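Data first, discussion second: the structure below is written as structure tokens.
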Amino acid sequence: MKAWKIASFGLENLELATLPDPKPERGEVLIRVHAVSLNFRDLMIVLGKYNPRMHLPRIPCSDGAGEVVAVGEGVTRVAPGNRVAGIFMQNWIDGEPDAQKTRGALGGDIDGMLAEYVVLREEGVVRLPDHLSMQEAATLPCAAVTAWNAIVRAGRVKPGDVVLTQGTGGVSIFALQFAKMLGARVLGMSGSDEKLARARQLGLDAGVNYRNTPEWDTWVMDQTGGRGADLVVEVGGAGTFSRSLRSLRIGGTVAQIGVLTQSPDAVEIPLLLHRQVHLRGIYVGSRADFEHMNRAIAQAMLKPVLDEAFSLRRAPDALRKMQNASHFGKVPILLND
Ligand SMILES: NC(=O)c1ccc[n+]([C@@H]2O[C@H](COP(=O)([O-])OP(=O)(O)OC[C@H]3O[C@@H](n4cnc5c(N)ncnc54)[C@H](OP(=O)(O)O)[C@@H]3O)[C@@H](O)[C@H]2O)c1
């Protein structure tokens with residue numbers, strides 16, 4: 001089979017290798033991967049910025065969807081012909097996270113999905129919503145589950161709440177879709193007016209360009225009559241965190257997800273106290289979260305937002321597109337072209 005390998009760090013060092021087809025052992029399933037989708041993490045891993053001590057070679061990418069083509073002895077959860085995706089952390093099935101559950105992330109701790117065939121334990125897969133194509137379903141394991149946990153678990157979003165999203169990448173567009181599904185008012189920011197216009201078509205209520213309006217926290221306060229947002233879906237990291245706090249209502253929540261930007265400035269700790277902020281770190285979620293989200297996606301017939309698709313051979317170009325932040329929503333890679 002063909003698979004991309006990180007031989008050494010750097011986009012130019014990715015290798016399209018021919019490897020033996022894997023075989024499922026007891027309790028395992030063999031998946032023919034149809035589509036993969038990229039996350040910012042995949043790019044950071046390939047560049048060596050996520051975990052510079054990661055053991056190499058490694059097959060990258062956490063998110064993929066495909067068809068079960070064979071199962072090992074004793075497998076009961078799925079059967080050949082089922083459409084499945086791998087769960088991000090292969091050991092986090094349910095309940096609260098702990099050190100053991102949060103090991104085993106695809107495309108990081110263990111080999112990932114950027115391969116024609118993948119073997120996973122039967123516990124490490126979920127069935128796909130019927131209305132989604134393989135490339136749509138391939139977007140779900142990381143970005144969608146993360147956004148789901150930010151909106152539903154951390155934010156407990158209700159109709160009429162105000163949610164602030166940052167940028168128009170994978171996590172933020174899912175957050176917009178889930179927040180609208182729950183009846184929230186969504187304010188968004190982007191570095192591109194054109195992307196804001198596209199987000200408006202998905203239901204974004206109002207948008208601001210953070211390049212033209214670096215004081216976007218003031219804009220959020222203006223938009224909310226001085227009250228502030230109930231939830232900030234924080235993907236910016238150090239460079240946006242203090243303004244995110246300034247954008248919140250008293251008693252509001254920050255779902256801390258991303259690390260896109262740096263800052264030499266210290267976090268304004270007094271803001272946390274004075275605004276009585278609920279701060280929740282999110283690291284994707286469990287299989288139970290994924291399954292709950294899939295039920296909601298199926299009920300709402302929600303469709304993930306896809307950007308240009310790339311062939312397996314062009315996977316490095318797909319990663320470059322993400323590096324340039326020229327994408328909107330998710331970037332798919334198709335394996336059966
Ligand atoms: N904790 C977790 O479990 C988890 C899970 C998934 C992702 N993440 C993290 O979340 C972040 C986003 O991931 P992703 O996969 O959604 O990335 P992505 O698809 O690459 O999207 C990133 C987008 O963020 C926007 N952006 C860049 N700089 C910004 C800034 N200064 N202020 C506001 N927005 C900015 C850009 O959108 P515009 O072009 O519209 O400005 C960019 O396209 C990354 O740091 C990633 O590592 C964490």
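The values are calculated or read from the model by the stated rules, or taken from the named source; none is laboratory data. Note that this is a predicted model, so its numbers are computed, not measured. Reconstructed Cβ throughout: ideal geometry from the backbone, glycine too, with neighbour counts over all protein chains shown.
The residues on offer are Phe241, Phe290, and the sole one that is touching a residue at least 24 places away in the same chain (Cβ under 8 Å) and in contact with a Ser or Thr (Cβ under 9 Å, 6 or more places away or on another chain) is Phe241.
Confirm whether Met301 is under 21 Å from Ala35 (Cβ atoms), surrounded by fewer than 16 Cβ atoms within 10 Å (Cβ to Cβ) and touching a residue at least 12 places away in the same chain (Cβ under 8 Å). So Met301 passes the test.
For every residue, the table says whether it meets (1) surrounded by 15 or more Cβ atoms within 10 Å (Cβ to Cβ); (2) not in a strand (DSSP E or B).
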| site | (1), (2) |
| --- | --- |
| Arg26 | no, yes |
| Val36 | yes, no |
| Asp42 | yes, yes |
| Pro60 | yes, yes |
| Gly74 | no, yes |
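Residue check: is Asn149 under 11 Å from Val233 (Cα atoms) and within 16 Å of the ligand (Cβ to nearest atom)? For Asn149, the condition - under 11 Å from Val233 (Cα atoms) and within 16 Å of the ligand (Cβ to nearest atom) - is met. Do you know which residues across segment 182-199 are more than 9 Å from the ligand (Cβ to nearest atom) and either under 18 Å from Thr224 (Cβ atoms) or among the acidic types (Asp, Glu) (or both)? Those that are more than 9 Å from the ligand (Cβ to nearest atom) and either under 18 Å from Thr224 (Cβ atoms) or among the acidic types (Asp, Glu) (or both): Leu182, Gly183, Ala184, Arg185, Val186, Leu187, Asp193, Glu194.
Restricting attention to segment 34-88 and to residues that are out of contact with any strand residue (DSSP E or B) (no Cβ under 8 Å at 6 or more places or on another chain) and among the polar types (S, T, N, Q), the residue that is nearest to Ala325 (Cα to Cα) turns out to be Asn51.
Listed by first and then second residue, the pairs linking a residue in segment 312-337 that is of a type in the set (S, T, N, Q) to a residue that is within 8 Å of the ligand (Cβ to nearest atom), with Cβ atoms under 8 Å apart and 6 or more places separating them unless they lie on different chains, are Gln323/Leu43. Scanning segment 110-121 finds one or more residues that are closer than 13 Å to Gly66 by Cα, among the acidic types (Asp, Glu) and assigned by TED's automatic domain parsing to the domain that holds Val46. Residue selection: Ala179 fails the criterion of being more than 9 Å from the ligand (Cβ to nearest atom) and surrounded by fewer than 20 Cβ atoms within 10 Å (Cβ to Cβ).
Specify which of the listed residues (Gly183, Gly188) is within 30 Å of Ile297 (Cβ to Cβ), in contact with a Ser or Thr (Cβ under 6 Å, 6 or more places away or on another chain) and either assigned to a helix (DSSP H, G or I) or not assigned by TED's automatic domain parsing to the domain that holds Leu38 (or both).
After ruling out the rest, the residue left standing is Gly188.
Only one entry in Phe241, Phe310 is surrounded by 14 or more Cβ atoms within 10 Å (Cβ to Cβ), assigned by TED's automatic domain parsing to the domain that holds Gly66 and either more than 17 Å from the chain's Cα centre (by Cα) or over 19 Å from Leu47 (Cβ atoms) (or both), namely Phe310.
Per-residue answers, yes or no, for (1) without any contact (Cβ under 8 Å) to a residue 60 or more places away in the chain; (2) under 14 Å from the mean Cα position of the chain (by Cα):
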site	(1), (2)
Ala137	no, yes
Cys142	no, yes
Val145	no, yes
Trp148	no, yes
Leu164	no, no
Ala179	yes, no
Arg185	yes, no
Met189	yes, no
